[in-house]
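Student: Before anything else, here's the structure in question.
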Amino acid sequence: MRLGLYHVQLMRYYEEVLAQAARNYAFTGDKRWEIRYRAIEPLSDHLLKNAIADTDEKIKPFFVVMYNANVELVKMEIRSIDLVNGGKKEQAIELLESKDYANQRKILAGGLEDFVTKVESAYSHDDLSNTMIPSVQQIIELERKLAVMEDSLKKEKLFAIGELSARLAHDIRNPLSVIKASINILTSKKNVDAKTMETYDRMQRAVERITYQIDDVLNFVKPQVSSLKNTSLHEILASVLARMEIPKTVVITTPPNNIEFVGDVISLEIVFVNLITNALQAINNSGEITISANVKDGKITIKIHDNGPGMSNDILPKIFDPLFTTKQTGTGLGLTSCKTIIEQHGGHIDVDSAVGKGTTFIITIPYRETM
């Protein structure tokens, strides 16, 4: 094997996958993550050993440092896997969050990243093309197996969510309705002192929060576009905003132009409720939310922008993943439901965000004229 830039990039990939697999196994105990780890670790080790053997004497010390860091990381990761297998998940997580583990990852991941950056800046595009010619058959086969594994994991996760939703609907929603009705009766009584009313308000907000999370799960499990009919953007937004509590400290600007089209009103309302709720949380209930829309080339484009803090680049690729959330009270299913509903309309949803510049969700769906 002639060492090339591609091999170093592959080392970076393996390092990230191994760290993620070990961490996921520590948190979930799912054996598939252990299988993934043990399948890739020998390939990573082999690649680093070859790098030491096949490079020139000037660069060899660098790969020796990388190899030694990898050896220490593997020891800790294998130890964490053994701890999980021994029923000691907390100790496994503690090990993977330790300072020693973080330092070794910094040496390996940081070193490989610096190496790639230096090589890319030192060579022209033509030079680089000549350094990136490895045999990739083994890599392709591994990626195929991992893709099958990822698909299986996703299906099992979705099935588990479906089972959870059924229990939530039966065991929580009905008694929650009783609690909500009881609170309404209490708040309607006369001569309730301010302190007691404040307690009732907190109870009501707690009930609404639980209801919202249940709706998130149910909308995710069965988001169906089942009833296409004539509607308009103004009609949908008016219905959504009428049933949401918008703080007085928030200014929401809706599009001046109304767009009439054919769509599923109920499912599209779910999308707008989720996106506006996310925007309210992003600006901490104080700021501006701007909704704009236009029709061009047979497509409707709707943008929902908030002037909140924005999202970092490491978060953006994950926001539509099931169960991913940055909020303590979130389910991680709201945006996934939005994505599914928009795709069922034949469209797609994207996000544009940067730290300090706010966030814009962009919905694009085919324009179907009213019947």
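Student: Taking Rh as the Kirkwood radius, which is the inverse of the mean 1/r over Cα pairs, what is the Rg/Rh value for segment 247-364?
Tutor: Using only Cα positions, Rg/Rh for segment 247-364 is 0.95.
Student: Could I have the simple spin-label model distance between THR187 and ALA242, label points 7 Å from Cα toward Cβ, reported in nm to one decimal?
Tutor: 1.9
Student: Could I ask something else about it? Could you tell me the accessible area of ARG32 in Å² (1.4 Å probe, neighbours in place), rounded to the nearest ten?
Tutor: Per-residue accessible area (ARG32): approximately 80 Å².
Student: What share of all Cα pairs of segment 4-46, in percent, falls into each consecutive 10 Å distance bin?
Tutor: For segment 4-46, the pair-distance distribution reads 30, 49, 17, 3.
Student: Right, next: What are the residues whose amide H is under 5 Å from the amide H of LYS299, where those residues sit 5 or more places off or on another chain and H is modelled from the backbone?
Tutor: TYR367
Student: Hey, another quick one. Where does each of LYS190, LYS89 land when they are ordered by accessible area, with a 1.4 Å probe and the largest first?
Tutor: Solvent-accessible surface, decreasing: LYS190, LYS89.
Student: Please turn the phi angles of segment 175-182 into ³J(HN,Hα) values with the Karplus equation 6.51 cos²θ - 1.76 cosθ + 1.60 (θ = phi - 60°), one per residue in order, whole Hz, x for glycine and proline.
Tutor: For segment 175-182, the Karplus-derived couplings read x, 5, 5, 5, 4, 4, 5, 5 Hz, x marking Gly and Pro.
The values are calculated or read from the model by the stated rules, or taken from the named source; none is laboratory data. Because the structure is predicted, anything quoted here is derived from the model rather than measured. Note: ideal-geometry Cβ built from the backbone for every residue, glycine included; neighbour counts use all protein chains shown. What goes into the accessible areas is simple: the full protein's heavy atoms, side chains included, and nothing from ligands, DNA or RNA. Shrake-Rupley method; radii C 1.70, N 1.55, O 1.52, S 1.80 Å.
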